[in-house]
Amino acid sequence: MATYDLLVKSGTLVDPAQGIHARRDVAFSGGKVAAVGESLAAGEAAEVIDAGGKLVTPGMIDLHVHVFEGVSHYGIAPDPTCLAKGATTVVDAGSAGADTFPGFRKYVVEASATRIFAQLNISSMGMIAERIGELDDLKWASVPRALETIEKNRDVILGVKVRLTRDSIVGKAAGITPLHRAREAADAAGLPIMVHPQGAWCDSIDDILALMRDRDIVTHSFHGSTHGILDENGKVRDSVRKARERGVIFDVGHGQGSFSWPVVEAAMAQGFPPTTISSDLHAYNLNGPVFDLATTVTKFLHLGLSASDALARVTAVPAKVIGMSDTIGTLAVGAWGDAVLFDLEEGAFELVDSRQQTRIGRQRLVPRVVIKGGKTYEGREVSLAPSYAR
Ligand SMILES: [Zn+2]
């Protein structure tokens, strides 16, 4: 009997949680990390992968995706778009609300190889129809319904999501009522909120941040619309810095319309990088400009983060944010056996933001092998229904 089910040999292990960026072998058995060392014996493993020249990292964690395929108009299939691309754990950011969550749980969470958690939308319908905002009627922002659903699904639901964009809210008179409802539900459940701030019915992001605390997440941090993190002079707002000081998480949530090169460049130049890097991968950005989480990480290499600092924001940091540092986001012995083997390619790569502005990156992270639960994931090729090609 082999000691290890799988041995990844001769790669460069980048595991920010352990402070390791060095050549290491990593062995898996029983679905977990069994050993990490400078030279583990190949003879003791049932299967050996040569990772020479590659980066070996913990499986990535994407805190913002939309994977309610076939029900939410944003939804895409998680396994070919997340797991096969190195995001072994993802959080669906509000595709489902109380009325649709049972289906999300049964047909997506429990049916996928990707490990999936969720932010429950404060709207009980969730993000279903393209032409009907999820808060076109405030009746849908039901605190009791959200709470009931959270209580039944505590193992999957990590927080409460609210989108404050006016397109999805009934009208000006509603103001930021949905944010108050999300806050109320999250507080009653002892969970954080995740907020999409841009285009809100209020004066600035200051009004939104006033309601946000430790562990709450601002997603789409570097969007180029109204209610952004920069003031009229392009400086990071005081309210934003103070929010970060008290523990509010500033997440990327790139998306179709929420990542602007000028905004992120200005923020980074003022010492304001994101806390976590997420993709907001969905049907309308899967074929660009997002493509996948690795491409979003690649944009932060271009912005000056080291590979370790960028990869920390999709491994160690999000694991801590969701309270799972012992099991995911690291390849420490005993952690769950999720890993990615990347090529870090050199060249000239077009990197497009949400406003068709381009930068040329000199490095690119390309996931080549994905390991989930100590086994190589033989992912299906990504194939898209024609309706997604938009
Ligand atoms: Zn989203």
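The values are calculated or read from the model by the stated rules, or taken from the named source; none is laboratory data. Just so it is clear, the model here is predicted, and its values are computed rather than measured. Backbone-built Cβ (ideal geometry, glycine too); neighbour counts: all protein chains shown. Each accessible area value is taken on the protein alone, full model and side chains, heavy atoms only, with ligands, DNA and RNA left out. Shrake-Rupley method; radii C 1.70, N 1.55, O 1.52, S 1.80 Å.
Remarks
- Average Cα contact separation per residue, the chain, under 8 Å, 6 or more apart, as relative contact order %: 19
- Across the accessible surface of the chain, with the other protein chains kept in place and a 1.4 Å probe, carbon and sulfur atoms take up 49 percent.
- Kirkwood Rh in Å, taken over all unlike Cα pairs in the stretch 187-330: 15.5
- Here the sum of -39500 (n - 2.57) over DSSP H runs of 4 or more residues, divided by the residues of the chain, equals -5000 deg cm²/dmol at 222 nm, to the nearest 500.
- Here the stretch 41-62 is scanned for amide nitrogen atoms under 17 Å from the site 7 Å beyond the Cα of residue 375 along Cα-to-Cβ, giving 46-49.
- Computed about the Cα centre, the dipole magnitude for the stretch 95-240 is approximately 380 debye when only Lys and Arg (+1) and Asp and Glu (-1) carry charge, each at its Cβ.
- Each label was represented as a point 7 Å from its Cα along the Cα-to-Cβ direction; for residue 309 and residue 226 these points are 3.4 nm apart.
- Cα pair count fraction exceeding 26 Å, expressed as % - the stretch 266-390: 27
- Debye equation applied to the C-alpha atoms of the stretch 71-178, log10 I(q)/I(0) at 0.15, 0.17, 0.22 Å⁻¹: -0.60, -0.76, -1.14
- Positive minus negative residues near residue 352 (Lys, Arg vs Asp, Glu; Cβ under 10 Å): +1
- Rh by Kirkwood over Cα pairs, then Stokes-Einstein D for the chain at 0.692 mPa s and 37 °C, µm²/s: 156
- Local net charge near residue 12, Cβ-Cβ under 9 Å (Lys/Arg +1, Asp/Glu -1): +3
- Separation of alpha-carbon centers, the stretch 290-316 and the stretch 212-282, rounded to whole Å: 15
- Note that the stretch 309-316 has calculated 3J(HN,Hα) couplings of 5, 5, 5, 4, 7, 10, 10, 4 Hz, one per residue in order, obtained from phi through the Karplus relation 6.51 cos²θ - 1.76 cosθ + 1.60 (θ = phi - 60°); glycine and proline are x.
- Residue 23-residue 139 pseudo-label distance in nm [points 7 Å out on the Cα-to-Cβ vector]: 6.7
- Distance between the 7 Å Cα→Cβ label points at residue 359 and residue 214: 3.3 nm.
- Intensity falloff of the stretch 1-61 expressed as log10 I(q)/I(0), Debye formula with alpha-carbon point scatterers, at q = 0.20, 0.29 Å⁻¹: -0.70, -1.28
- With a cut-off of 19 Å on the backbone N, the residues of the stretch 224-250 near the modelled label site 7 Å out from residue 187 along Cα-Cβ are 243, 246-249.
- Debye log10 I(q)/I(0) at q = 0.12, 0.13, 0.17 Å⁻¹ for the stretch 143-258, Cα point scatterers: -0.42, -0.49, -0.83
- Using a Förster distance of 30 Å, the FRET efficiency for residue 42-residue 110 (Cβ separation, nearest 0.05): 0.25
- The orientation-averaged shadow of the Cα convex hull for the stretch 319-366, equal to a quarter of the hull surface, comes to 5.1 nm².
- In terms of the mean number of neighbouring beta-carbon atoms within 10 Å, the peptides 19-28, 295-304 order highest first as 295-304, 19-28.
- Net lengthening on full extension, residue 131/residue 246 (0.36 nm per residue, minus Cα-Cα): 37.7 nm
- When exposed loop sites are taken as GluC sites (Glu not before Pro) in a DSSP loop with at most 15 other Cβ atoms within 10 Å, the longest stretch of the chain clear of them is 233-377.
- Label point of residue 152 set 7 angstrom out along Cα-Cβ; within the stretch 60-101, amide nitrogens under 13 Å from it belong to 97-101.
- 37 °C / 0.692 mPa s Stokes-Einstein diffusion coefficient of the stretch 214-265, Kirkwood radius on C-alpha pairs, µm²/s: 292
- Pairwise Lys count, the stretch 38-195 - Cα closer than 21 Å, eight or more residues apart or different chains: 7
- Ellipsoid fit via the Cα gyration tensor, the stretch 1-127: semi-axes of 37, 15, 11 Å, each the root of five times an eigenvalue, largest first.
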